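To start, the structure itself, in structure tokens.
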């Protein structure tokens, strides 16, 4: 009986946490970074929350370091995109433009180390990355 009460207390306290856990932050950011087909272009490694700021009860800013390791250059990546998918092509073009602006011309094997801020909001289902 004591174990059951202890487990319930832990669950309640965890659910009422004032900020998201480091692993939760790191996993959501990793999923975000490889979303929209970008896992074909690069791998995300060494995602680590290095700091965080609780702005208010519902907003948390996570400062995260990570590495992008490119699997191919942008020309090769462009060839993998589907020209027949108009909306997908628009999104892919936006991704390519963003990558060129952020990183310049990249080639296979390039490793870029990043440190960025990500905003999380508290929802009924826990902390979620605001995209």
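The values are calculated or read from the model by the stated rules, or taken from the named source; none is laboratory data. This is a predicted model, so every value here is computed, not measured. Positions of Cβ are generated from backbone atoms using ideal geometry, with glycine treated the same way; all protein chains shown enter the neighbour counts.
For the stretch 113-120, the criterion of a residue being farther than 30 Å from residue 19 by Cα, modelled with pLDDT of 90 or more and either within 20 Å of the chain's Cα centre (by Cα) or in a helix (DSSP H, G or I) (or both) is satisfied by no position.
Can you name every residue in the stretch 35-64 that is at pLDDT below 95 and either surrounded by fewer than 16 Cβ atoms within 10 Å (Cβ to Cβ) or under 11 Å from residue 118 (Cα atoms) (or both)? Hits for the stretch 35-64 are 35, 36, 37, 39, 40.
The condition (being within 13 Å of the chain's Cα centre (by Cα) and farther than 20 Å from residue 19 by Cα) is satisfied by just one residue among 74, 81, 38, 129: 38. Hey, could you check the stretch 89-106 for residues that are out of contact with any strand residue (DSSP E or B) (no Cβ under 7 Å at 6 or more places or on another chain) and not in a helix (DSSP H, G or I) and say which is farthest from residue 18 (Cα to Cα)? Among residues in the stretch 89-106 that are out of contact with any strand residue (DSSP E or B) (no Cβ under 7 Å at 6 or more places or on another chain) and not in a helix (DSSP H, G or I), the one farthest from residue 18 (Cα to Cα) is 105.
For the stretch 15-34, the tally of residues that are without any contact (Cβ under 8 Å) to a residue 12 or more places away in the chain, loosely packed, with under 13 Cβ neighbours inside 10 Å and either assigned to a loop (DSSP other than H, G, I, E, B) or out of contact with any strand residue (DSSP E or B) (no Cβ under 9 Å at 6 or more places or on another chain) (or both) stands at 2.
For the stretch 37-71, the tally of residues that are touching a helix residue (DSSP H, G or I) at 6+ places or on another chain (Cβ under 6 Å) and outside any strand (DSSP E or B) stands at 1. Might you check whether a residue that is at pLDDT below 85, touching a helix residue (DSSP H, G or I) at 6+ places or on another chain (Cβ under 7 Å) and loosely packed, with under 11 Cβ neighbours inside 10 Å occurs anywhere in the stretch 72-90? Yes, some residue in the stretch 72-90 is at pLDDT below 85, touching a helix residue (DSSP H, G or I) at 6+ places or on another chain (Cβ under 7 Å) and loosely packed, with under 11 Cβ neighbours inside 10 Å.
Taking the criterion of being part of a strand (DSSP E or B) and in contact (Cβ under 8 Å) with a residue 60 or more places away in the chain, the residues of the stretch 121-131 that qualify are 121, 122, 126, 127, 128, 129.
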